[in-house]
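Working notes, beginning with the structure itself.
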Amino acid sequence: MFLYVRLMMEMVAHLVDWSEIEKELQVLPESLDAAYHRIMVRIGERDKVMGMAGQAGRLLGWIACTPHLITPREAQQALRVRPGDQKQVFEVPKEYDVIDLLGPIVEVVDGGIRFVHFTAKEYISSPHLGKQLTDTTQATLDLALQCIEYLCQDHHDPSISTPECSHNLATGQYILHVFASHAWFDLVCQYFRLTEEKDPPKTLVNSITKLFKTRKVPGFSTSLEDDTRRENENEGGDGNFEDKNMPQEKVEFRPLKPGSPMLYQPRLRVFKFRKSSSTPAVNTDQDSHEYRSDALSISSLSQRIWKALEVALCSSPTPGCHEACTTILTFYGPRPFRCRVIQCNRWQDRFLNVNARQTHEKTHDKPLKCDVPGCEYGLIGFLSEKMRRDHITRAHQSDSLKLSLESGISEDSVDYNLLSDLIRENQEQLFHELLSMFPNALEIAGNRRKLQSDAARYASATVFQELDEATPRPVMNLLSESWMGFIIQSINGKNKSTMQYFLSRVQSFPSDLTTQTGHEDNLMNEDAKSRGTLVIELVSSDWQEGVEIYTGWLRGCSHLLPEKGPRHTSAKHIFSATRLIRAATRQTWGCKHLLDIWSGIDGSSTLGKDWANMALRNVAQTGHSIPLAAYLLEQGANINDRHSTDARTALQCAAESTELAAAEMMQFLLLHGADPEVNRIGTDIREQKGAMNIHNWLSLTWDELVEKTKKTRANKKRDGSIISEGTRRKVSE
């Protein structure tokens, strides 16, 4: 409520005369979505007035996708980068007001642009009438390409002289430098996470190739074999250039290795450099090992820029103290000083003066070191002795445990924390040895159950089976609540090994019960609830591989599902439930995952047309996803179906809501042949609140919309299949 009021007040504050204010207040938006819709219309109008040529929408996409806050000045320079113009010289204009351009949907906090609320980002990233206002995947690629293009321009040539560097600094050529030099790599990684493409677009390949061609340091080899050999000679490696402990989220570019080694290898090298230099103390006045290992000359230029900045500025610069300070503060903001440590995790922090920066840089000087040979914390160090002891216990416990096993270890020391650490650190051999020595450790204070949960998330299926009951577990007809808990852990941990194992122990569809316990209905209901939860967890997670594992499991046994009976009815409800639809539409990837699952089991063929009809009504009622509705219509769903004479059609379900998405759903259904004259007992559809208020969104009354869609269908003589395919393809992409 407070956010809505704030948006309305700021919307009115941007109007310039009383007539506009009066017009704005005549009909107030009825919801947040309605307020955002009106704001987006205003932004489009201001974009044209300010001559931005559609740049407002582009900037919104960048704000939505960037993993790091971008300042107004940085955004302004990024928008002005001209692809292919290596000799571009920026004429820095007066800074435009981002708030004036983008209105109350964004704000500037600590110098960076961000959305006023997460719902604003969700709104512009969500599809409306089959279209997204902003495609965050393409926005990520666009911003990455702009940053790379900027770093390839002549002002970043490593051979420029010191006077040239100082001149570039003083004329605002390096406004975007800090953001671009840090963000380009993260944006490229993010793009590959979003698309999971094994063949990157040519524009990206060409840009990265250009970057490494123009900014490669002397002596750096893009040959995988040469670099591996050099790493082994210099560091005593084992022949595997890839760090086995490298976090999974940092190696999403690994599939590029077979097809694009010239692209894969430099990116891997850049990541290794960033990892090794993000926190150790780095003497910026010396050519340290981490500094030399950078594949690019950008970090070297950064140091030259900071030195030029210090020469040009006072130790505590203020506007007006002298001309150079005034100019640089205008271009680079009132806090121009940055940490000089290469790849400092707080690289976006700005400091008012030299003393403030030096205070921060002291945090990189940690005299307490880890004594274990080869540990990176031998360079990084710790701020306190307690931090060092905790690190030794946590990171090197397995090393000390090996010595303890050789010299003898007491049963009292084998507790849950120790066993859990071994599971999380993938120390399977030590884990097996401990359990063989102290099998009773699993029976203390519920250790077995807790360790099973850890293993489901972090370990292999082999470890989980060792923790499972001694008697082999048969394939289960029903999905128990406890087993479901383990599956959720494997989904949260994106653990392919345990996910495949868990599903292999459960039938794809439950068997009809023949027991005489008298609780068959309750058991079937619990099983259906667990299976429904499983699908919801998958569509809510961004784990595409998990969805593929699940659909393959379903597909393998879908032919065993009878055409009628309790099992068939249960399956229909599982894959059409409103809570499933709601979960799918809450995530940007959710609808795609659900479409993959529906397609994987060939929904209408396996579950029947009744399922498609039921699912269509639920989609129209909850989430209002046009791509999901389009798929169901293609599967043969009857758009005017209702399961009883007093029940509602899909159009009537959508008309119960006054949201924008519901209005778009009603228009979509009418375009595809929904009958606006089918009435529920005692209720005319035009009397439903969604139909009565549809003019707020579509600028048409209900009757006008019905007439317009009827003419559209008659004139184009089509049944909607083209629209359906287009909207479904939009989500699939």
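Coordinate-derived values only; no laboratory data. This is a predicted model, so every value here is computed, not measured. Heads up, the Cβs are rebuilt from the backbone with ideal geometry, glycines too, and the neighbour counts pull from every protein chain shown.
Take the cross-link list Lys494/Lys592; Lys529/Lys564; Lys121/Lys529; Lys87/Lys216; Lys609/Lys710 and give me the ones stretching past 23 Å between alpha-carbons.
Lys121/Lys529; Lys609/Lys710
Label the stretch 530-626 by shape, choosing from rounded, prolate and oblate, from the square roots a ≥ b ≥ c of the eigenvalues of the Cα gyration tensor; if a/c is under 1.5 it is rounded, and otherwise prolate applies when a/b is larger than b/c, oblate when it is not.
Oblate, since a/c reaches 1.5 and b/c is not below a/b.
Taking R0 as 25 Å, what FRET efficiency do you get between Glu196 and Lys529 from their Cβ-Cβ distance, rounded to the nearest 0.05?
0.20
In nanometres, what is the gap between the two model label sites at Gln303 and Val372, each 7 Å from Cα along Cα-to-Cβ?
Rounded to a tenth, the inter-label distance reads 3.0 nm.
At 7 Å along the Cα-to-beta-carbon direction for both Leu700 and Thr712, put a label point, then send me their distance in nm to one decimal.
With each label placed 7 Å out from Cα toward Cβ, I get 0.6 nm.
Full extension from Ser504 to Arg686: what is 0.36 nm times the residue separation minus their Cα-Cα distance, to one decimal in nm?
This chain segment gains 60.4 nm when fully extended.
Taking 7 Å along the Cα-to-C-beta vector as the label spot, tell me the Gln544-Glu433 distance in nanometres, rounded to one decimal.
Simple spin-label model gives 4.1 nm for this pair.
Where does each of 662-673, 63-74 land if you order them by average Cβ count within 10 Å, highest first?
Descending mean neighbour count gives 662-673, 63-74.
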